[in-house]
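Read the structure below first, then the notes.
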Amino acid sequence: MKRIYLIILLFMGISYNCFAQSEHRIAIGFGAFSHGYNYALSKMLEEVEDCQRTPLDINDTDERTEEHELVLPVNINLHYEYSSNNYLSIGICLGYDKLRMNQMSWSYVAVVDEDQNGNEYLGWNISSEDNGYLHRHIIFVMPEMSIYWFKKERCSMYSKFAAGVRFNFEKREFFNSRSDITGFKECHIYFQGSPVCFEVGRKNLRFFGELGYGAQGIGQFGVKYTISKKDDSVDK
């Protein structure tokens, strides 16, 4: 019976020691040029560079719509991080991103025109109209894992990987109508890969920067606050 008590006490001591050495941190970060923004920007550039087809006949018509980015490429991210050693931490991120785009429609009507030599040819008579705005709200939740290359008292360097779910909510405003369209659009897998990350600062409050690509942007910068700190496992 004494052996059982000793085993129980030993197990409780090990558990308490692991808990005492654990580290819990919360962080807020601001990212720039997220995947959602870059994708919308690439689609806009494709539309601008797209060549208009040749008219087939007189009064031939064609219509197309374009969306132009109008918002700064900045998103906000809230992080929780837990680690029990100097090499690995796990956590979760709740992020918010917003895209605001101007919606424009182009109308093409084929007409007979003349070149400088007086030769007739079919050309497009082009007109455009601003229809309204598209507001796209993006909320994403992603579990995160960080691998620390070194972890000192005043600075650290690590790599971070995350994957989760993205939810899109859209609102379309029309200039020529009072009926706006609002609702849930879609959800799909979202990700973040940041191979170069660093922290500098004090024991409990640090500035961090992360370079990579994905939901949180090409670059993310912010502050981390340590709620409970390891006592003696951090390298001096």
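The values are calculated or read from the model by the stated rules, or taken from the named source; none is laboratory data. As the structure is a prediction and not an experimental result, all values here were calculated from the model. No Cβ is skipped: glycine too gets one built from the backbone with ideal geometry, and neighbour counts run over all protein chains shown. To get the accessible areas, we keep the full protein, side chains included, count just its heavy atoms, and leave off ligands, DNA and RNA. Shrake-Rupley method; radii C 1.70, N 1.55, O 1.52, S 1.80 Å.
Among 171/224; 160/203; 98/203, which pairs are too far apart, with a Cα-Cα distance over 29 Å? Intermediate results must be reported in sequence, preceding the final value.
Numbers: 171/224 34 Å; 160/203 21 Å; 98/203 34 Å.
In this structure, 171/224; 98/203 lie more than 29 Å apart at Cα.
Could you report segment 130-229's accessible area per residue, 1.4 Å probe, as an integer in Å²?
On the way: 5260 Å² over 100 residues.
Roughly 53 Å² per residue, with all protein chains present.
If 170, 199, 120 are ordered by their accessible area, calculated over protein heavy atoms with a 1.4 Å probe, which sequence runs from highest to lowest? Mind showing how you got there, number by number?
Working: 170 20, 199 0, 120 135 Å².
Ranked from most to least accessible, the order is 120, 170, 199.
In segment 49-172, what percent of the accessible surface is made up of carbon and sulfur (1.4 Å probe, ligands and nucleic acids excluded)?
Details: 3980 of 7010 Å².
Answer for segment 49-172 is 57 percent, counting heavy atoms of protein chains only.
Could you calculate the contour length gain from residue 157 to residue 30, that is, 0.36 nm times the residue separation minus the distance between their Cα atoms, to one decimal place in nm?
On the way: separation 127, 0.36 × 127 = 45.72 nm, distance 1.87 nm.
Taking 0.36 nm per residue and subtracting the Cα distance, the gain is 43.8 nm.
Taking R0 as 41 Å, what FRET efficiency do you get between residue 60 and residue 188 from their Cβ-Cβ distance, rounded to the nearest 0.05? Don't skip to the end; give the middle numbers.
Values: r = 38 Å, r/R0 = 0.92.
Calculated transfer efficiency: 0.60.
Starting from the 7 Å offset along Cα-to-Cβ, what nm value, one decimal, do you get for the label separation of residue 170 and residue 205?
4.3 nm
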